[in-house]
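Readers should treat all values here as calculations from the given coordinates under stated rules, not as data from a laboratory. Fair warning: this is a prediction, and the values are worked out from it, not measured in the lab. All Cβ positions, glycine included, derive from the backbone under ideal geometry; neighbour counts span all protein chains shown.
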Amino acid sequence: MQTLVNIAVLTSIYALIACGYVIVYRTSRVLSLAHGELMMLGAFGLWVTIALFDGMPLAAALAALLLAAVVGVVVYAALMRRMTGEAVLAAVLATIALGILLRGLAVLIWGPTERHPLAALGWDNPVFELPAGARISAIDASLVGAAVVCYAGLFAFLRFSPWGIRMRAAGQSPLLAAQRGISLHVIYALAWCLATLTGGTAGMLLALNTALDQTMVVIGLKAFPAALVGGLDSLAGAILGALIIAAAEVLIIQFVSPLLADVVPFIVLLAMLIVRPWGLFGTREELDRV
Amino acid sequence: MPQPHSSGYFRTDYADDWRLLQTRGQRGAAAVGLVLACVFPLVASAFLLDLANQVLIAVVGAVALMLLTGYAGQVSLGHAGLMAAGAFTTGILARETGAPFWIALPASGAVGALIGFLFGLPSLRLRGLYLAVSTLALHFIVIHAGQEYETRRGLSSGVVIDPPSLFGAELVDPRLWYAALFVCAGAAVLFALNLLRSRTGRAWRALHGREPVAEALGIPVAGAKVSAFVIASTLTAMSGSLFAYYRGFVSSEAFSLFLTIQYVAMIIIGGMGSILGAVLGAAFVTLFPYLIEMALAQLPGGASMSSLVFAVNYAAFGLVMILFLLFEPQGLVGIWHRLRNWFLLWPFRQRPLK
Amino acid sequence: MKRRILSLLSAAAFAAAVAPGVNAQNAYVVGVTAAMTGPAAGTYAPVMDALRAYIDHVNGKGGVNGRQIQLIIADDQGEPSRAAANAKKLLNQDKVVLLINSSLSSTYAPVVADSKRAGVPLLFAGAACPKETFPPADPLQFCSTAFGATFDSRAALDFIKGQTKEPVRLGLAAMAIPLSRGEIDFAEGLARQVGMTPVDKQITPPPTPDYTPFATKLKDANPNWVWAWSPWISQVRTFEAMRRLGWNGQYLAWAHLNAEEDLARIKDPGLFVIGSNAFFSDDLPIHAEIRAVTHRANLKHPVSFLAEGFVAGLVIETAMKGAAQPTAQAVTASMNNLKVDLKGLRGGPLEWTKDNHFRTRQYYRVWRWEPSAGAVRRVQDWVAVDVKQ
């Protein structure tokens, strides 16, 4: 039972991070490899707001979320906007370079020492008992909750709200959407905003769960196979991909060897690329048949 | 092949067509360059020689990546994994069997070719991003294998390799290394230039341009893709082997994703689609951190700044890459061409069509 | 006439160019290659910042033997190639008489090779001590770092054995780096020899989003004691995850730089740390000195992270005092017969001999959080272990 809980928590972590990859890719066909760094930046944003809103933890948390959203818009306006129309590889490399820049800036501003936002907020992390002897901590539970809320919100947004429908249109065919009068720049900015919001949430919760330091960036990279396995332009696929990879990881740790945990996501990714490169629910594109 | 840049040069036989250095100017420039390269180790300090050696090793790797991504258009993010494969092969052979370098180097190349074949198989089905991602996945798997080897053999600080001996003399002096590496880098560049003039090179260029058209013209697309991966990987693995010999040891921590990004930055900053770009990019990216340190040392501030210097390096690298991507997509070669055209066309001016 | 003026001017210029060289020759030049940025920086940057603050303090008081200590720190980001380039530059260009490595163990091999070629002693400060510093020691490698492989596990298992009469089911936790895995493998074998039952060994990869799956496996094996020897993150997060799963046993970890702060943050009486550096809660005069010096230097790190760097500073100061000339040979000779008064930062003086470049005696203390006292308290005072062949 505890294994199932572990799988659920890891799935939520990967799913939260993966949906950022998916939103940006689906809308603008750009693979944002800076997502790990943006996640870390979101967590550092929480650290900053804790210092600003001393004694008002809830306000600090909300302000941090707002800050993450704003950062997404800024990233688009300052950098990615100029890369529209360029080759896709160039845009991806721009995100990689952005990631490096952000990592360097983070060390410059905050230094390499580990921080503990949970202690700074003054919150506790109680443990809840579940049936069959399993246990889950409050923050792990909120990770699961946050993933559910984010995905439900995104599904509702994309399906029912006018801007969501515009976003889907822009993702399917930018040319036609632009001709229809949809402002692509606003849509892309919105996509980046949502991506950093969800990524930042994941980063903040992870920082609260353990600690805040630079190594969070690598976790962003580990969640990347989850997005790909499910299909880079499908949110439902992201959940399923996260589930598959999390399950594989936890089960291999439990029953085979903990040493493989690092490399399992990439083996699954490779297997998926060989068998079905566009992922489980992705659309076939850019692929040849040999 | 390189074109004459001024008028008055006529080719009178087929041999002229094939020459790498066609005009008096090109021959003169090459001669001057060779002389400077020979004089350099005699006057440079050990530190500068070490930098030059690092640049030469990087040139081999950058040329390989340029062939693969710049000319054949196959995106590969597994470069560090291939270098690691070459380096580890050398390390394992040197340690377990004591093989001399003239066995280990080709063996590393062979291992590189094999792994390159594996890296290249996805390229038959995937393109663009998906191909890049598959190479990324393979990179992690190779690094993991290297780590396992290190731990199983109890080598927590990496595999130590004795310096190679060439004609009886051990290569320890940086000047000897410079000579050896210059020969290697020169061989790699010549090999690349000649390969690009051959059928394989033309097949790659066609592949990069429009794949269905290349297929329609009768070029075996699958064969060309795989050959691109195999040849580039062989070169890369050899550059990894040189790296291992030069540093005297191999450790899986040296081959991180950041190394791949550095090589990709080399070909982007250098300018895609040009061997000269690979060389310039390799030099730029290798020397960049030292330039930043020197620049920051000039600023007033002293000791308190020096802990900032280190983080500034990282941020500056990302910033420079972004600036090149945004404002100078043709890279250093583009700048060089603009400069050269200005001189060639003077007093006329040419505005390139945007 | 013109020629004479020209030659006078050139002679003056030559003298001016040479003069600073004469001055610099009068300083003890010490070079450092450290992971000041990069993923490992959290472990090594505080050590070097504290070292620099201490050396500045010593220089402010007039230096050593009337000479200043010139400390040149080069960042290698934990990368072996950069460390090699740094070593070459420091040895060949800056002509250092002592080279310090404070970085990941993957940077050791090239730095060792370069310093051997130059005949310059190499000090590992804050970085894991390679076995070449244990007796019989390599002539040029020295180590002042608190932790030492195999000795730590021996002391840890001795402590655990002393804490309980019932049979010990020992869990082991390492990080997926060769150094940590090697030590935990050694501890596994040692545990069997001393009559404990190693029940499970968990190896966590360095950056993992969730330590719970590993902790689940470890908890399911039902150990009553767990020994962890790895970077602090891995140790403490495995412990926290196990606690969240409802495990009630005792956890012994190595006291890295973060130990003192984290014990007070976690507030769990089952978390024990064993280490060689005294805690700041002892409030010795040397601790006040550390606070003053580093406050003046405006360091960003919490003060409890800085003891290791100060130890390195004291070692270097004493080594230079014993070196009459600022040359590598004099420094090596001084270090081959060194006794450093650490003023209470460790359990006793740090002594090096020609054969032992680690230390002749290693001292261990154990601490944990005491809920009744509401503070971190010592569980075991200094236990001396002789470091022999």
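Between C:H295 and C:V383, what's the calculated FRET efficiency when r is the beta-carbon distance and R0 is 35 Å? Round to 0.05.
0.60
Counting only other chains, what is the mean number of Cβ atoms within 10 angstrom of the Cβ of each residue in peptide C:90-97?
2
Label-point separation (nm) for A:V148 and A:A119, each offset 7 Å from Cα along Cα-to-Cβ?
That separation, rounded to one decimal, is 3.2 nm.
What does the charge count near C:G347 come to, summing +1 for each Lys or Arg and -1 for each Asp or Glu among other residues with Cβ under 9 Å from its Cβ?
My count for the surroundings of C:G347 gives +2.
For the residue pair C:S372 and B:A187, what label-to-label distance in nm results when each label sits 7 Å from Cα along the Cα-to-beta-carbon direction?
Here the modelled spin labels are 7.5 nm apart.
Give me C:D158, B:D173 sorted ascending by neighbouring Cβ count inside 10 Å, so fewest comes first. Let's see the in-between values first.
Details: C:D158 17, B:D173 14.
If I rank by nearby Cβ atoms, fewest first, I get B:D173, C:D158.
If you take the charge dipole of chain B about its Cα centre, with +1 on Lys and Arg Cβ and -1 on Asp and Glu Cβ, which of B:P106, B:G218, B:L67 is farthest toward its positive end?
Among B:P106, B:G218, B:L67, the one farthest towards the positive end of the dipole of chain B is B:G218.
Would you please give the FRET efficiency between A:S257 and B:Y149, computed as 1/(1 + (r/R0)^6) with r the Cβ-Cβ distance and R0 = 22 Å, to the nearest 0.05?
Rounded to the nearest 0.05, the efficiency is 0.90.
So how do B:W102, B:W336, C:W229, C:W369 line up by other beta-carbon neighbours within 10 Å, fewest first?
B:W102, B:W336, C:W369, C:W229
Lysines near C:K88 by alpha-carbon distance under 19 Å, same-chain residues fewer than 8 away left out - which ones?
The qualifying lysines are C:K116.
Would you mind computing, in nm to one decimal, how far apart the modelled labels at C:D283 and B:A110 are, each placed 7 Å from Cα along Cα→Cβ?
Spacing of the two 7 Å Cα→Cβ label points: 7.1 nm.
If neighbour count is taken as other Cβ atoms inside 10 Å, put B:I335, A:I252 in order from fewest to most.
Lowest to highest Cβ neighbour count: B:I335, A:I252.
For chain B, calculate the relative contact order in percent as a whole number, restricting contacts to Cα pairs under 8 Å that are 6 or more residues apart. Please report the intermediate quantities before stating the final value.
Details: 454 pairs, mean separation 96.2, N = 354.
Contact order relative to length: 27 percent.
Which residue fluctuates most in the GNM of chain A (Cα springs below 10 Å): A:P131, A:P162, A:P277?
Result: A:P131 has the largest fluctuation of those listed.
What share of the DSSP beta bridges in the protein assembly as shown is antiparallel, in percent to the nearest 5?
Details: 25 of 62 bridges.
Here the share of antiparallel DSSP bridges comes out near 40 percent.
Unpartnered cysteines of the protein assembly as shown (Cβ-Cβ under 4.7 Å counts as a partner)?
Among the cysteines of the protein assembly as shown, those whose Cβ sits 4.7 Å or more from every other are A:C19, A:C150, A:C193, B:C38, B:C184.
Less than 13 Å Cβ to Cβ from A:A236, Lys/Arg counted +1 and Asp/Glu -1: what total charge do the surrounding residues give?
Spelling it out: positives minus negatives among the neighbours equals +1.
Straight distance only, please: which lysines reach the Cα of C:K321 with their own Cα at less than 16 Å, same-chain residues fewer than 8 apart left out?
Result set, ordered by chain and number: C:K61, C:K339.
Could you name the aspartates and glutamates whose alpha carbon sits less than 13 Å from that of C:K267, not counting residues in the same chain fewer than 8 places away?
Excluding near neighbours in sequence, the set is A:D124, C:E240, C:E370.
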